[in-house]
1. Taking the Cβ-Cβ separation of Glu230 and Ala336 as r and a Förster radius of 56 Å, what is the calculated FRET efficiency to the nearest 0.05?
2. Is the C-alpha gyration tensor of region 193-240 telling us rounded, prolate or oblate? Criteria: a/c under 1.5 is rounded; beyond that, a/b larger than b/c is prolate, otherwise oblate.
3. For the pair Gln349 and Glu270, how long in nm is the line joining their label points, each one 7 Å along Cα→Cβ?
4. Quote the FRET efficiency, to the nearest 0.05, computed for Ser388 versus His6 with a Förster distance R0 of 35 Å and r equal to the Cβ-Cβ distance.
5. Do you know the relative contact order of the chain, to the nearest whole percent, from alpha carbon pairs under 8 angstrom that are 6+ apart?
6. Which is the longest run of the chain containing none of the trypsin sites (Lys or Arg not before Pro) found in DSSP loop states (not H, G, I, E, B) with at most 11 other C-beta atoms within 10 Å?
7. Just add up the charged neighbours of His382: K/R +1, D/E -1, any other residue whose Cβ is under 12 Å from the Cβ of His382.
8. Please work out whether region 1-132 counts as rounded, prolate or oblate from its C-alpha gyration tensor, where a ≥ b ≥ c are the square roots of the eigenvalues and a/c under 1.5 means rounded, while otherwise a/b larger than b/c means prolate and anything else oblate?
Amino acid sequence: MAGEPHRIVVVGAGFGGLEAIHHLKGAPVEITLVDRRNHHIFQPLLYQVATASLSTSEIAWPIRHLMRGRPEVTTLLGEVTGIDASARQVLLKDGARLAYDTLILATGARHAYFGHDEWEPHAPGLKAIEDATTIRRRILLAFEKAERETDPEVQDALLTFVIVGAGPTGVELAGTIAELARDTLAPDFRRIDTHKARVVLVEAGPRVLAGYPDDLSDYTKQSLESLGVEVVLGAAVTECTADGVVYGGKLLPARTIVWAAGVRASPAAEWLGVPADRNGRIIVEPNLTVPGHPEIFAIGDTISLAGPNGKPVPGIAPAAKQAGVYVARVIRARLADAPAPPPFHYKHQGSLAQIGKKRAVIDFGWIKLRGALAWWIWGIAHIYFLISVRSRLSVALSWLWIHTRNQRSARLITQGGDEDDSHAQKV
Ligand SMILES: Cc1cc2nc3c(=O)[nH]c(=O)nc-3n(C[C@H](O)[C@H](O)[C@H](O)COP(=O)(O)OP(=O)(O)OC[C@H]3O[C@@H](n4cnc5c(N)ncnc54)[C@H](O)[C@@H]3O)c2cc1C
């Protein structure tokens with residue numbers, strides 16, 4: 001109706017959704033932001049929660065608080081289960097409906113098990129805070145149980161940590177678990193030698209960090225091995241159970257398995273019945289709208305779009321943020337009856353991965369870095385991108401303690417005493 005503000009519903013308060021809202025500041029709109037969680041997560045440091053290096057509140061912030069200074073934004077806690085595109089309504093799990101004039105879908109992705117969802121209870125992936133605390137709990141519990149175990153075979157299985165998938169998350173987890181065992185925990189245990197913990201990184205492809213240049217990939221493998229990580233390449237995992245992981249036709253007994261091998265987009269494409277790629281990502285138009293629905297935008301990890309050189313735009317935070325900035329521009333132009341901006345153009349700023357203390361790799365395209373210098377740049381970049389000053393100070397202090405004293409203050413076993421939860425249906 002004329003005179004009423006334009007209603008925008010944003011689903012997902014991840015990197016993409018928040019960036020879109022940030023760049024809509026001052027526009028004549030009324031925004032409803034809906035997320036099934038009450039917090040925004042800085043996913044690049046989630047593995048540090050899983051490895052007891054950082055605590056949860058250092059990398060997550062209440063969405064409602066982030067929107068405090070934006071009176072035109074209403075934050076709702078709720079899970080979206082569908083979209084009635086003809087009625088222009090978002091459907092929530094509890095039966096509620098949210099009307100929109102423009103919809104922005106920024107619902108991200110989750111880990112995927114290549115059709116073997118039954119592996120998830122034994123090999124949790126890392127995407128949400130709950131995943132990180134579940135993995136942290138399993139890692140710490142394994143050491144506790146090993147300290148009390150008298151059967152050497154069971155003790156070996158307890159002290160074997162398998163990470164499936166050698167992308168950035170797998171590499172970061174493997175390196176940090178090795179350092180946790182070697183540097184942090186060793187002086188605190190009496191019956192076991194935590195140096196003997198096995199950290200095994202299993203990758204189906206021929207190299208670690210497949211998206212990086214060969215020399216950085218080789219450096220990463222050598223660095224992991226110098227930390228004591230066993231890197232197994234060209235080995236596809238064929239089973240994950242409570243007893244261990246099977247690859248190359250053999251079972252490796254292991255009580256802690258972490259899945260870092262595959263992702264699947266949110267079901268946004270299914271909600272709309274629109275074409276998706278094999279990972280379930282919506283194949284969007286060049287202006288990031290959903291085919292046949294110019295009033296619906298989709299951004300971030302839930303979309304598939306060809307980037308520069310025909311390569312797909314990667315599922316990383318800068319891509320989601322750039323898409324958020326872009327859709328805000330398109331919406332502003334529409335509201336002002338101005339010409340539409342040119343198609344979305346993703347600009348790759350670089351790829352960064354930490355391997356361990358003072359070891360990282362960076363590929364900026366025009367320059368490649370490795371070692372301590374790369375680690376400093378990695379650390380500064382990550383601290384810079386954290387949301388609040390308090391988090392920046394807190395993370396910097398936590399890292400200082402890890403680097404100077406080998407102390408990881410977040411070594412807390414939470415969520416249910418000392419019971420093994422690897423048979424849980426859902427983590
Ligand atoms: C462990 C890990 C490490 C990573 N490391 C890096 C890194 O080092 N550098 C980098 O650039 N990128 C990294 N990434 C990738 C990066 O985090 C993602 O590309 C980015 O978060 C995508 O942003 P997004 O807005 O699309 O989705 P997300 O940030 O995932 O946000 C999606 C939001 O939607 C909400 N949501 C989902 N479904 C629903 C629903 N049905 N109803 C309501 N709300 C819903 C979720 O709760 C979430 O808040 C990493 C990712 C992970 C998991």
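1. 0.45
2. oblate
3. Roughly 3.4 nm, to one decimal.
4. After rounding, the FRET efficiency stands at 0.70.
5. 20
6. Result, exposed sites excluded: 94-189.
7. -1
8. Note, shape of region 1-132 comes out oblate.
Bear in mind these aren't lab numbers, they're just calculated from the coordinates by the rules spelled out. Quick caveat, the model's predicted, so the values are computed rather than measured. Note: ideal-geometry Cβ built from the backbone for every residue, glycine included; neighbour counts use all protein chains shown.
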